[in-house]
Amino acid sequence: MPTHRTSGGAEIDLLVIRPGQKPPLAFEIKFSSAPTVSKGLHSGKQDLGLKEAYVVCPCREAYPMGNGILTLPVKALPELVARAG
């Protein structure tokens, strides 16, 4: 399972590498239905030059957390990855 760790030790939990020149998908995995964004996701997103990243959690619906970060219900993860192909 690919992850990304900055030189400062901040980490992205899951990085989905896509074919071609598409940017990777970055995910933070949380068990809380009211998650907060970790330093690792912010730092990793900036390091990799990503416009968006996702916090996967047991929430009912996706909602924006600001700065290009969106929460994503666990059940929506397979569809997002398949669509982003």
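The values are calculated or read from the model by the stated rules, or taken from the named source; none is laboratory data. None of these values were measured; they are calculated from a predicted model. Ideal geometry is used to build each Cβ from the backbone, glycine not excepted, and the neighbour counts take in all protein chains shown. In case anyone asks, the SASA skips ligands and DNA or RNA and just uses the protein heavy atoms, side chains included. Shrake-Rupley method; radii C 1.70, N 1.55, O 1.52, S 1.80 Å.
Go ahead and set up a Gaussian network model of the chain, Cα springs under 10 Å, then flag whichever of GLY68, GLY44, GLY20 fluctuates most. Of the options given, GLY20 has the highest mean-square fluctuation. When the Gaussian network model of the chain links Cα atoms closer than 10 Å, the mean-square fluctuations of ALA53, ALA26, ALA62 top out at ALA62.
Can you give the log10 of the normalised intensity I(q)/I(0) at q = 0.14, 0.18 Å⁻¹, computed with Debye over equal Cα scatterers of the chain? For the requested q values the scattering log ratios are -0.43, -0.72. Using a probe of 1.4 Å, the accessible surface attributed to ASP47 totals some 90 Å² when neighbouring protein chains are kept in position. Accessible surface area normalised per residue over the chain is 62 Å², counting heavy atoms of protein chains with a 1.4 Å rolling probe. Loop-located trypsin sites (Lys or Arg not before Pro) in region 41-85 (DSSP state not H, G, I, E or B) with no more than 14 neighbouring Cβ atoms inside 10 Å: LYS51, ARG60. Close amide-amide hydrogen proximity is noted between LEU70 and ALA53, TYR54, VAL55, MET65, each under 5 Å apart and 5 or more residues distant or on a separate chain (H modeled in the peptide plane; Pro and chain starts excluded). When you restrict to C-alpha pairs under 8 Å that are six or more residues apart and normalise by the size of the chain, the relative contact order lands at 22 percent.
When the Gaussian network model of the chain links Cα atoms closer than 10 Å, the mean-square fluctuations of GLU11, GLU61, GLU52 top out at GLU61.
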